[in-house]
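Data block below; observations after.
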Amino acid sequence: MNAVPFIGIGRHRLGVDGIGVTTLAAFHGCPLRCKYCLNHRCLESPEGLPCYTPEELYRKVGIDNLYFIATGGGVCFGGGEPLLRVDYLREFKKLCGKSWNLTVETSLNVPQEALKAAAEVIGDFIVDIKEGNPDIYRAYTGCDGQRAWDNLRHLLTLKEPARVTVRVPLIPDFNTDDDTARTVERLQAMGVTKIDRFTYRVGPRSGTSP
């Protein structure tokens with residue numbers, strides 16, 4: 001498989017990207033155009049970014065193998081949108097096997113076939129659902145949110161609810177506490193049990209820090 005671009009790799013992450021100690025590997029590329037994008041680099045030209053094949057990435061992050069095994073952790077794929085790289089995820093899973101837990105941080109705004117394929121090799125999903133109101137979702141992301149909600153409903157048939165965390169942000173100038181409360185109610189009605197409700201902190205260059 002050819003090498004693909006990554007916007008960054010972060011080691012020794014604990015309690016923010018899944019079970020145990022994790023390494024965050026962030027892919028380039030995203031279908032959304034969020035107004036307060038945390039990772040602008042994923043939307044820019046990939047020129048100059050480091051590129052890795054699955055084998056190269058496996059060797060690079062394998063330096064923390066003992067931490068992964070001792071804590072039940074592994075690699076969290078983010079970005080950008082990791083479910084745009086399902087073939088890559090499959091190849092990586094063949095290399096690490098059951099020793100490492102794989103997690104993805106995803107908007108789920110991808111074809112359902114990609115979700116189905118990813119669910120076969122990914123242990124845990126962290127879903128950034130953005131907002132339940134379709135008008136707010138579109139205003140913030142530039143995209144239709146129905147696909148993400150349909151995919152979330154399908155994901156809950158593929159994975160135990162305990163393996164799916166849904167993030168619900170309060171987004172300054174876009175939604176309100178009442179909006180997020182309605183989103184949470186909708187998620188709970190769908191059977192979501194792990195909900196991370198938080199507020200975007202808007203910083204310079206229209207970026208955010210969760």
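The values are calculated or read from the model by the stated rules, or taken from the named source; none is laboratory data. Since this is a predicted model, take the numbers as computed values, not measurements. When we count neighbours, we look across all protein chains shown, and the Cβ atoms used for this are built from the backbone with ideal geometry, even at glycine. Just so you know, the surface numbers come from the protein's heavy atoms only, side chains and all, with ligands and any DNA or RNA stripped out. Shrake-Rupley method; radii C 1.70, N 1.55, O 1.52, S 1.80 Å.
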Original post:
List, please: which pairs have Cβ atoms under 6 Å, are six or more places apart or on different chains, and start with a residue in the range 154-173 that is in contact (Cβ under 8 Å) with a residue 40 or more places away in the chain and within 15 Å of Thr141 (Cβ to Cβ) and end with one that is open to solvent by less than 10 Å² (accessible area, probe 1.4 Å) and part of a loop (DSSP other than H, G, I, E, B)?
Top reply: none
Original post:
When the range 183-198 is examined, which residues are found to be open to solvent by 80 Å² or more (accessible area, probe 1.4 Å) and small (Gly, Ala, Ser)?
Top reply: Ala189
Original post:
If Leu38 satisfies every condition in (1) surrounded by fewer than 19 Cβ atoms within 10 Å (Cβ to Cβ); (2) touching a strand residue (DSSP E or B) at 6+ places or on another chain (Cβ under 6 Å); (3) of a type outside the set (Lys, Arg); (4) outside any loop (DSSP other than H, G, I, E, B) but one, which is the exception?
Top reply: (4)
Original post:
Under the condition of being surrounded by fewer than 19 Cβ atoms within 10 Å (Cβ to Cβ) and among the β-branched types (Val, Ile, Thr), which residue from the range 68-105 is nearest to Arg167 (Cα to Cα)?
Top reply: Thr71
Original post:
Does the range 113-130 contain any residue that is more than 13 Å from the chain's Cα centre (by Cα), free of Cβ contacts under 8 Å to residues at least 12 places away in the same chain and either at positive phi or open to solvent by less than 50 Å² (accessible area, probe 1.4 Å) (or both)?
Top reply: no
